[in-house]
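First the structure, in the form of structure tokens, and then the observations on it.
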Amino acid sequence: MTSFASAGRSSFVLLQVGERRFALPADTVSELAPPVRLHKFPHSSALVAGVIVRRGRIVPVYDVAPVLLGMQSPLHRFYLIAQRQFGDTVEPSAIPVNGECELATGEVLPPSAGRPPYVVGTLTVGSDTVDVLDFESLVAQQSSRANDTSTAEAQP
């Protein structure tokens, strides 16, 4: 889990999923990729919508909209490529986003009581308060929960 308690002001990438904005630490984001073909295949991995090929690598695409919004992912315009840690290995992973992304700097405040564990804080951007996500925790926790309750299928 990412901790910002002693970090002071940090940089974040603001992303839009559906009608809501979220933030990821900028040091975990590598690029905003244009829409490319999403390759779907039968699988039972929760939240995995399919894969894209980016810079000669196969990159899993995690549709986190059902977790963050409680509904299927709306149409998206880009893929936000972020890094995930698997033991000693760092691998790229993608999140479909449907709006412009921007860079913001600010101090992260602790999340309010009752927030899910993947929300590691809040960031004030103008008059908005944006949840700061721990991408690793979001995908790992929700994947294990979904695997316990049902089997995911790729959507056509």
* To do: Report the FRET efficiency, 1/(1 + (r/R0)^6), for His39 and Phe86, where r is their Cβ-Cβ distance and R0 is 22 Å, rounded to 0.05.
  => 0.60
* To do: Multiply the residue gap between Glu107 and Val53 by 0.36 nm, knock off their C-alpha separation, and tell me the result in nm, one decimal place.
  => 16.0 nm
* Ranked list, fewest to most other Cβ atoms within 10 Å of each Cβ, for Phe86, Phe12, Phe135 -> Phe86, Phe135, Phe12
* Structure fact -> For the range 9-149, the Cα-Cα pair-distance distribution in 5 Å bins from 0, as whole percents, is 2, 9, 20, 24, 23, 14, 6, 2, 0
* **Exposure proxy order (Cβ contacts within 10 Å, fewest to most) of Leu80, Leu75** => Leu75, Leu80
* **Using θ = phi - 60° and Karplus 6.51 cos²θ - 1.76 cosθ + 1.60, couplings along the range 17-26 (whole Hz; Gly, Pro as x)** => 10, x, 9, 10, 9, 9, 10, 10, x, 4
* Structure fact -> From fewest to most C-beta neighbours within 10 Å, the residues Thr28, Thr124 line up as Thr124, Thr28
* Structure fact -> For Glu31, other-chain or 5+-apart residues with amide H closer than 5 Å (H placed, Pro excluded) are Ile81
* **Vicinal HN-Hα couplings computed from phi for the range 119-132 (Karplus, 6.51 cos²θ - 1.76 cosθ + 1.60; Hz; Gly/Pro x)** => 8, 9, x, 10, 10, 8, 10, x, 9, 9, 10, 10, 6, 8
* Structure fact -> In debye to the nearest 20, the charge dipole size for the range 9-149, taken about the Cα centre with +1 at each Lys and Arg Cβ and -1 at each Asp and Glu Cβ, equals 420
* Asked: Which whole-Hz ³J(HN,Hα) couplings does the range 42-47 yield from phi under the Karplus relation 6.51 cos²θ - 1.76 cosθ + 1.60, θ = phi - 60°, glycine and proline marked x?
  -> x, 6, 10, 8, 4, 6
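Where a number appears in this text, it was derived from the coordinates with a stated rule and is not lab data. What you see is a predicted model, and the numbers here were worked out from it, not measured in a lab. Backbone-built Cβ (ideal geometry, glycine too); neighbour counts: all protein chains shown.
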